[in-house]
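Everything below concerns the one structure shown next.
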Amino acid sequence: MYRWLDERLSLTRFNKKFLRKAFPVHHSFFLGEITMFAFITLVLTGIFLSFNYEPSTRIVKVAGRELPAAYASILYIDSLPFGAVLRSVHHWSANIMIAAAFLHLLRILVTGAYKKPREINWLIGLGLLGVAVVTAFTGYSLPFDAFSVTATQIGYGIGASMPYIGEWISKVIFGGEYPTMHSIPRVYSLHVLWFPLLLMALLGLHMLIMIKQKHTQPAYAKKVAPGKILGVPM
Ligand code: HEM
């Protein structure tokens, strides 16, 4: 089967070129991967959530109670088998992604891995962290319970307090002065489509540049194999 595919798709050549990239085994080099796998977990659990979440603030009646549809759909997700577990995994992966990205940034900073020729990847990394924080924040507002509306109102106020452009940016993101009936559909589209697409594009670029420039080497590797890249194949 492998030979059949190899003759048609040159898998061995691809494997030799890309999948044998030497990966340093120092634990601090895994912070970037923890960030990346947290993002992959967010996409997978997010797909499940998007099947069942309703991005609307129209009032629906559930068991005699009048609730916004968004919040009612969150209660519905929690009632599904493994629904609450998947919501928790989504929530904690978001926290882990931001924390790991920040620690990854510190690793790059203290080891000087941002220096020439890696300045462009440093800037792309900063962009990734910024978009990740905004994406997490937009996710916070979606449950539309008292906690999430209050937290989002505070965020809206912080954004709007920026001089000159703040109010305009906050209104564009939240579909007017939060909360309006346009806020949830607008924030939902940003959270599940546009911000993740931006993250994927930036992450793809981040990885391509990292593969092209190769990893920096931890101090012990420089001593063991000076001038060579030491590590295990990807
Ligand atoms: C937020 C999402 C991010 C993801 C998913 C991510 C992912 C990765 C991965 C998997 C690597 C290779 C493994 C490693 O060196 O740890 C890497 C390398 C790198 N990252 Fe990130 N990163 C992110 C954010 C950042 C940030 C915030 C910065 C700095 C501002 C940054 C700057 C760099 C640089 C300069 C390298 C090359 C390091 C070297 O060659 O030693 N990244 N990133």
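Inside the stretch 21-57, can you point out the residues that are of a type outside the set (Val, Ile, Thr), in contact (Cβ under 8 Å) with a residue 40 or more places away in the chain, more than 16 Å from the ligand (Cβ to nearest atom) and assigned to a loop (DSSP other than H, G, I, E, B)? Even if it seems obvious, please write down each step before you answer.
Let us first name the residues in the stretch 21-57 that are of a type outside the set (Val, Ile, Thr), namely 21-24, 26-33, 36-39, 42, 44, 46, 48-56.
Right, trim to in contact (Cβ under 8 Å) with a residue 40 or more places away in the chain and you get 21-24, 26, 28-29, 31-32, 36, 38-39, 42, 46, 49-50, 53, 55-56.
Those still in the list that are more than 16 Å from the ligand (Cβ to nearest atom) too: 49-50, 53, 55-56.
Hits for the stretch 21-57 are Tyr53, Pro55, Ser56.
Residues that are more than 12 Å from the ligand (Cβ to nearest atom) and either in a helix (DSSP H, G or I) or under 18 Å from the mean Cα position of the chain (by Cα) (or both) within the stretch 220-234 comprise Tyr220, Lys222, Lys223, Val224, listed in sequence order. May I ask you to list the residues in the stretch 202-223 that are among the small types (Gly, Ala, Ser) and open to solvent by less than 60 Å² (accessible area, probe 1.4 Å)? Those that are among the small types (Gly, Ala, Ser) and open to solvent by less than 60 Å² (accessible area, probe 1.4 Å): Gly204, Ala221. The residue pairs whose first member lies in the stretch 67-91 and is β-branched (Val, Ile, Thr), whose second member is open to solvent by 40 Å² or more (accessible area, probe 1.4 Å), and whose beta carbons are closer than 7 Å, counting only pairs six or more residues apart or on different chains, are Ile77/Arg87; Val89/Thr41. In the stretch 94-101, the count of residues that are exposed (fewer than 15 other Cβ atoms within 10 Å of the Cβ) and either under 25 Å from the mean Cα position of the chain (by Cα) or at pLDDT below 95 (or both) is one or more. Kindly check whether there is at least one residue in the stretch 107-118 that is over 24 Å from Met200 (Cβ atoms), of a type in the set (Gly, Ala, Ser), surrounded by fewer than 16 Cβ atoms within 10 Å (Cβ to Cβ) and within 16 Å of the ligand (Cβ to nearest atom). Yes, because at least one residue in the stretch 107-118 is over 24 Å from Met200 (Cβ atoms), of a type in the set (Gly, Ala, Ser), surrounded by fewer than 16 Cβ atoms within 10 Å (Cβ to Cβ) and within 16 Å of the ligand (Cβ to nearest atom).
Residues are listed down the side, and each one gets a yes or a no for (1) buried (at least 17 other Cβ atoms within 10 Å of the Cβ); (2) within 22 Å of Ile77 (Cβ to Cβ); (3) modelled with pLDDT under 95:
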position: Ala132; (1), (2), (3): yes, no, no
position: Thr135; (1), (2), (3): yes, yes, no
position: Phe147; (1), (2), (3): no, yes, yes
position: Pro163; (1), (2), (3): no, no, no
position: Val172; (1), (2), (3): no, no, yes
position: Thr180; (1), (2), (3): no, no, yes
position: Ile184; (1), (2), (3): yes, yes, no
position: Phe195; (1), (2), (3): yes, yes, no
position: Met200; (1), (2), (3): no, no, no
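Out of everything in the stretch 190-210 that is out of contact with any helix residue (DSSP H, G or I) (no Cβ under 7 Å at 6 or more places or on another chain) and either aliphatic (A, V, I, L, M) or under 24 Å from Val172 (Cβ atoms) (or both), what residue ends up being nearest to the ligand (Cβ to nearest atom)? The selected residue is Met207. Kindly provide the set of residues from the stretch 15-39 that are charged (D, E, K, R) and exposed (fewer than 15 other Cβ atoms within 10 Å of the Cβ), ordered by number. Selection gives Lys16, Lys17, Arg20, Glu33. Residues of the stretch 96-106 that are without any contact (Cβ under 8 Å) to a residue 24 or more places away in the chain and more than 10 Å from the ligand (Cβ to nearest atom): Ala99 alone. Within the stretch 110-124, residues that are among the small types (Gly, Ala, Ser) reach partners that are in a loop (DSSP other than H, G, I, E, B) and near the ligand (Cβ under 6 Å from one of its atoms) with beta carbons closer than 6 Å, at six or more positions or on different chains, in the pairs Ala113/Thr216.
On the basis of being within 16 Å of the ligand (Cβ to nearest atom) and in contact (Cβ under 8 Å) with a residue 60 or more places away in the chain, does Pro185 make the cut? Break it down stepwise before answering.
Details: within 16 Å of the ligand (Cβ to nearest atom): no; in contact (Cβ under 8 Å) with a residue 60 or more places away in the chain: yes.
No; evaluated as a whole, the condition is false for this residue.
The values are calculated or read from the model by the stated rules, or taken from the named source; none is laboratory data. Bear in mind the structure is a predicted one, so any value in this text is a computation, not a measurement. Methodologically, a virtual Cβ is constructed for each residue, glycine included, from the backbone with ideal geometry; neighbour enumeration extends over all protein chains shown. Surface accessibility is based on the protein's heavy atoms, side chains included, excluding ligands, DNA and RNA. Shrake-Rupley method; radii C 1.70, N 1.55, O 1.52, S 1.80 Å.
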